[in-house]
Amino acid sequence: MQKISSGITSLDSLIESLFIGDNVVWEVAAGTSYDIFMQRFITRSFEDSQKVIYVSFNRSPQSVLNEIGAILDPRHFILVDCFTSGKGKSDAAFLRFYDNPPDINVVRISDPREMEAFTQTLNSLEDSLPRGARYVFDSRTGMQDLWGDEGHTYQFFAYMCPRLYDLGTVAYWILENDAHSQKFKANLRHITQVVFDLYERRDRLYIKAMKLAGRQNRDAFKPHFYEVTDQSVVITLPRKEPALDVGTGLREMRKGKGMSQKKLADRVGLTPSFISQMENNQISPSLSSFLQICKALGGDPGQFLEEKKPATEPWLVKRETVLAGPPFVEEGLRIYTIFSDEKTSARIIVFPRGYNAKGHFSRSKAPEFVHLLKGSLRVAVNGSEQKLKAGDSLYLKEHIPSLWRNDGGGDAEALVVCV
């Protein structure tokens, strides 16, 4: 199946990307910053030169433009306004938008309470567009408010979901979690291809897949902590065990013999480029080539098949392993996650030289333990400013720092544990 990006690299890695035809239901709780997932999807669709049809039941046209105006590409955007004559009750304040409309394509639904007429309008719009357009329905709950009950909303979804699938689209559907029955959500999961649950626990945000049609990665069905900045999302992904490192072993064997890559290549009838790529694990040799290389190096092929003990115990996290991963960068800080679950998290935060910020670096309201590992920092808590040196600690239970500053000679590193 053809894959496309969600616009969020860590989400693509977790779910093996989106597939053409996917209807993606987002079951969201208040405070989960779900809008950023929609914005990144819209931005990526524009980058792919795909039409985006934004169907709004819960927001006025002006509110939609205020939210996505910074990323809007009028050439590829169509707004279907079900709000003005729906929840907006044709109020003059909302109708004024049409007195001097911006230069975008807006389709106003005159009576969105009439489900059949709305469906026909949407079908006509779909038929006029090239295959592959992408959709955002901003509120399944808003549909239900207009159409009266879950039965009508489900009826529309049961019709539209297969249609969009056949049209080769990708559609996002937003569903406010607490506004619908478990039976209704179970019925939706039966029809759609992808379902995500976004929720908050102890002031931390989590994403969990409830359904992923056609994917093999079962890790996505576990809760994963995510962090949000103004324009990006980073999901903490599980660490994977490295694959069998044949290339490194062959490189060490070759160097032990004092043999160059070219000489080895000549002996086994391969190119130096092939040997280089193989030693860097960019390609894998065939069984025949592997055996020839081992013979040329005088090595035993069986040593690569021996069971090796793990480099570390499952309860041990090495500092170098943590810092080897890509950091989450926010307001100049480099943040490395050691572990994170629904109750506890531990991170290493690197404060660059010259860092100076008013307020606290964390949005968590739960108690935090901060231990300075390296360098020095100045911190102000409850009106008292103190200088921290390596080995000093803070326990933040009731007070929130109003200042963090690194005026030392280099980076400072702190261990931050949230409980």
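Just one of the numbered conditions (1) farther than 30 Å from THR9 by Cβ; (2) in a strand (DSSP E or B) is not true of ILE338; which one?
(1)
Being of a type in the set (Ser, Thr, Tyr) and open to solvent by less than 10 Å² (accessible area, probe 1.4 Å) is the filter here; which residues of segment 12-43 pass it?
Of all residues in segment 12-43, those of a type in the set (Ser, Thr, Tyr) come to 13, 17, 32-34, 43.
If the condition is that a residue be of a type in the set (Ser, Thr, Tyr) and open to solvent by less than 10 Å² (accessible area, probe 1.4 Å), then THR32 is the only one that fits.
Does at least one position in segment 137-149 carry a residue that is open to solvent by less than 50 Å² (accessible area, probe 1.4 Å) and at pLDDT 90 or above?
Here is the first cut: in segment 137-149, the ones open to solvent by less than 50 Å² (accessible area, probe 1.4 Å) are 137-144, 146-147.
Still in the running and at pLDDT 90 or above: 137-138.
Checking segment 137-149: at least one residue is open to solvent by less than 50 Å² (accessible area, probe 1.4 Å) and at pLDDT 90 or above.
Determine, yes or no, whether GLN2 is open to solvent by 20 Å² or more (accessible area, probe 1.4 Å) and in contact with a helix residue (DSSP H, G or I) (Cβ under 8 Å, 6 or more places away or on another chain).
Values: open to solvent by 20 Å² or more (accessible area, probe 1.4 Å): yes; in contact with a helix residue (DSSP H, G or I) (Cβ under 8 Å, 6 or more places away or on another chain): no.
Judged against the criteria, GLN2 is not a match.
Of all residues in segment 380-400, which are open to solvent by less than 70 Å² (accessible area, probe 1.4 Å) and either over 32 Å from the mean Cα position of the chain (by Cα) or under 22 Å from LEU205 (Cα atoms) (or both)? Give the derivation first.
Keep residues of segment 380-400 that are open to solvent by less than 70 Å² (accessible area, probe 1.4 Å), which gives 380-381, 384, 388, 390-394, 396.
Passing the criteria: ALA380, VAL381, SER384, LEU388, ALA390, GLY391, ASP392, SER393, LEU396.
Here is a yes/no grid of residues against (1) polar (S, T, N, Q); (2) in contact (Cβ under 8 Å) with a residue 24 or more places away in the chain; (3) in contact with a helix residue (DSSP H, G or I) (Cβ under 7 Å, 6 or more places away or on another chain):
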{"position": "ASP145", "(1), (2), (3)": "no, yes, no"}
{"position": "ASP149", "(1), (2), (3)": "no, no, no"}
{"position": "MET160", "(1), (2), (3)": "no, yes, no"}
{"position": "THR169", "(1), (2), (3)": "yes, yes, no"}
{"position": "ASP178", "(1), (2), (3)": "no, yes, no"}
{"position": "SER181", "(1), (2), (3)": "yes, yes, yes"}
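Just to be sure I understand the filter: pairs with C-beta atoms under 6 Å, separated by 6 or more residues or on different chains, first member in segment 365-392 and touching a residue at least 40 places away in the same chain (Cβ under 8 Å) and over 20 Å from ARG319 (Cβ atoms), second member part of a strand (DSSP E or B) and among the hydroxyl-bearing types (Ser, Thr, Tyr). Which pairs pass?
The qualifying pairs do not exist here.
Based on what the data block shows, is GLU67 within 25 Å of TYR165 (Cα to Cα) and among the charged types (D, E, K, R)?
Values: within 25 Å of TYR165 (Cα to Cα): no; among the charged types (D, E, K, R): yes.
Criteria not met by GLU67.
Within segment 80-101, how many residues are under 18 Å from MET115 (Cα atoms) and either surrounded by 12 or more Cβ atoms within 10 Å (Cβ to Cβ) or within 34 Å of the chain's Cα centre (by Cα) (or both)? Let's see the steps before the verdict.
Step one: filter segment 80-101 for residues under 18 Å from MET115 (Cα atoms), giving 80-90.
Then drop every residue that is not either surrounded by 12 or more Cβ atoms within 10 Å (Cβ to Cβ) or within 34 Å of the chain's Cα centre (by Cα) (or both), which leaves 80-88.
Selection size over segment 80-101: 9.
Tell me which residues, restricted to segment 44-55, are assigned to a helix (DSSP H, G or I) and buried (at least 23 other Cβ atoms within 10 Å of the Cβ). Talk me through it step by step, then tell me what you get.
Here is the first cut: in segment 44-55, the residues assigned to a helix (DSSP H, G or I) are 44-47.
SER45, the sole residue that qualifies.
Only one of these is within 30 Å of ILE335 (Cα to Cα) and open to solvent by less than 50 Å² (accessible area, probe 1.4 Å): LEU212, LEU188. Name it. Break it down into steps so the answer makes sense when it comes.
On the way: LEU188 fails: within 30 Å of ILE335 (Cα to Cα).
None of the other options fit; the residue is LEU212.
How many residues does segment 216-235 hold that are farther than 24 Å from GLN182 by Cα and not in a strand (DSSP E or B)?
Matching residues across segment 216-235 total 6.
ASN58 passes all but one of (1) touching a Phe, Trp or Tyr at 6+ places or on another chain (Cβ under 9 Å); (2) farther than 23 Å from THR169 by Cβ; (3) buried (at least 18 other Cβ atoms within 10 Å of the Cβ); which number fails?
(2)
Within segment 353-375, can you find the residues that are surrounded by fewer than 14 Cβ atoms within 10 Å (Cβ to Cβ) and over 29 Å from the mean Cα position of the chain (by Cα)?
Listed by number, the residues that qualify are ARG353, GLY354.
Scan segment 113-133 residue by residue and report those that are among the basic types (Lys, Arg) and farther than 24 Å from LYS89 by Cβ. Before the answer, list the steps.
Initially, segment 113-133 is screened for residues among the basic types (Lys, Arg), giving 113, 131.
Once the filter is applied, which keeps residues that are among the basic types (Lys, Arg) and farther than 24 Å from LYS89 by Cβ, segment 113-133 yields only ARG131.
So ILE109 clears everything in (1) surrounded by 21 or more Cβ atoms within 10 Å (Cβ to Cβ); (2) modelled with pLDDT under 95; (3) in contact with a strand residue (DSSP E or B) (Cβ under 6 Å, 6 or more places away or on another chain) except one condition, right? Which one?
ILE109 satisfies all of (1) surrounded by 21 or more Cβ atoms within 10 Å (Cβ to Cβ); (2) modelled with pLDDT under 95; (3) in contact with a strand residue (DSSP E or B) (Cβ under 6 Å, 6 or more places away or on another chain) except (3).
Taking into account only those residues within segment 223-243 that are surrounded by 13 or more Cβ atoms within 10 Å (Cβ to Cβ) and either of a type in the set (A, V, I, L, M) or over 20 Å from ARG347 (Cα atoms) (or both), which is modelled with the lowest pLDDT?
Just the residues of segment 223-243 that are surrounded by 13 or more Cβ atoms within 10 Å (Cβ to Cβ), to begin with: 223-229, 232-237.
Keeping just the survivors that are either of a type in the set (A, V, I, L, M) or over 20 Å from ARG347 (Cα atoms) (or both) gives 228, 233-235, 237.
Working: VAL228: 86, VAL233: 85, VAL234: 85, ILE235: 88, LEU237: 75.
Looking at the filtered set, the residue picked out is LEU237.
Please verify whether segment 2-19 includes one or more residues that are modelled with pLDDT of 90 or more, farther than 19 Å from ILE207 by Cα and among the hydroxyl-bearing types (Ser, Thr, Tyr).
no
Take HIS180 and decide whether it is surrounded by 18 or more Cβ atoms within 10 Å (Cβ to Cβ), out of contact with any strand residue (DSSP E or B) (no Cβ under 6 Å at 6 or more places or on another chain) and either under 26 Å from ILE4 (Cα atoms) or at pLDDT below 90 (or both). Show your work before the answer.
Numbers: surrounded by 18 or more Cβ atoms within 10 Å (Cβ to Cβ): yes; out of contact with any strand residue (DSSP E or B) (no Cβ under 6 Å at 6 or more places or on another chain): yes; either under 26 Å from ILE4 (Cα atoms) or at pLDDT below 90 (or both): yes.
When the stated conditions are applied, HIS180 passes them.
The values are calculated or read from the model by the stated rules, or taken from the named source; none is laboratory data. Predicted model only: the values in this text are computed from it and were never measured. Please note: Cβ atoms are built from the backbone with ideal geometry, for glycine as well, and neighbour counts cover all protein chains shown. Ligands, DNA and RNA are excluded from the accessible area calculation, which covers all protein heavy atoms including side chains. Shrake-Rupley method; radii C 1.70, N 1.55, O 1.52, S 1.80 Å.
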